[in-house]
1. Being more than 30 Å from Q11 (Cβ to Cβ), at pLDDT 95 or above, exposed (fewer than 10 other Cβ atoms within 10 Å of the Cβ) and not hydroxyl-bearing (S, T, Y) is the requirement here; does H31 meet it?
2. Failed condition for A100, given (1) small (G, A, S); (2) part of a strand (DSSP E or B); (3) at pLDDT below 80, with all others met?
3. I'm checking my understanding of the structure. Among residues of the range 67-82 that are not in a loop (DSSP other than H, G, I, E, B) and not hydrophobic (A, V, I, L, M, F, W, C), which one is nearest to K51 (Cα to Cα)?
4. Counting just the residues of the range 79-98 that are exposed (fewer than 15 other Cβ atoms within 10 Å of the Cβ) and touching a residue at least 60 places away in the same chain (Cβ under 8 Å), which one comes out nearest to P46 (Cα to Cα)?
5. Name the residues in the range 61-78 that are in contact (Cβ under 8 Å) with a residue 12 or more places away in the chain and over 17 Å from the mean Cα position of the chain (by Cα), would you?
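The values are calculated or read from the model by the stated rules, or taken from the named source; none is laboratory data. The shown structure was predicted, so the numbers you read here are calculated from the model rather than taken from an experiment. Please note: Cβ atoms are built from the backbone with ideal geometry, for glycine as well, and neighbour counts cover all protein chains shown.
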Amino acid sequence: MCVHAVAMRQQKNGERLVVHLYNDVNTTAFHALPNEDVPLREETLPIHDIKITFTGYRIAKVHLEPEGTRLKMKRTGRGTEVTVPKLRIHSMVVAELEGADQDDP
């Protein structure tokens with residue numbers, strides 16, 4: 001359970017789904033007591049190839065923020081699947097819904 005994910009739906013200038021991904025890998029393994037643990041990162045251990053499946057939605061396009069990278073979509077029997085190539089600390093997967101007003105990221 002290294003990646004925390006929170007999904008939300010935005011309805012501003014069209015409709016989209018936003019999935020926040022947070023990499024919570026702590027390479028110091030929480031060695032200090034909680035009240036003495038310094039919340040600083042000295043290094044990041046990236047997590048690769050995180051798959052996200054959107055079910056029950058018609059997705060027009062998906063991109064990664066703040067990188068601005070467009071993600072390749074794969075339609076499966078379960079929904080629309082995308083793969084986040086590398087998560088360092090925080091990224092957002094933004095899925096634009098079909099039929100919504102769409103601006104390029």
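1. Details: more than 30 Å from Q11 (Cβ to Cβ): yes; at pLDDT 95 or above: no; exposed (fewer than 10 other Cβ atoms within 10 Å of the Cβ): yes; not hydroxyl-bearing (S, T, Y): yes.
Judged against the criteria, H31 is not a match.
2. Result: A100 passes all but (2).
3. To start, the set of residues in the range 67-82 that are not in a loop (DSSP other than H, G, I, E, B) comprises 69-71, 74-75, 80-82.
Cutting the leftovers down to not hydrophobic (A, V, I, L, M, F, W, C) gives us 69-70, 74-75, 80-81.
Details: T69: 15, R70: 15, K74: 11, R75: 13, T80: 10, E81: 7 Å.
Residue satisfying both the conditions and the ranking: E81.
4. Taking the candidates together, the pick is R88.
5. Matches in the range 61-78: T76, R78.
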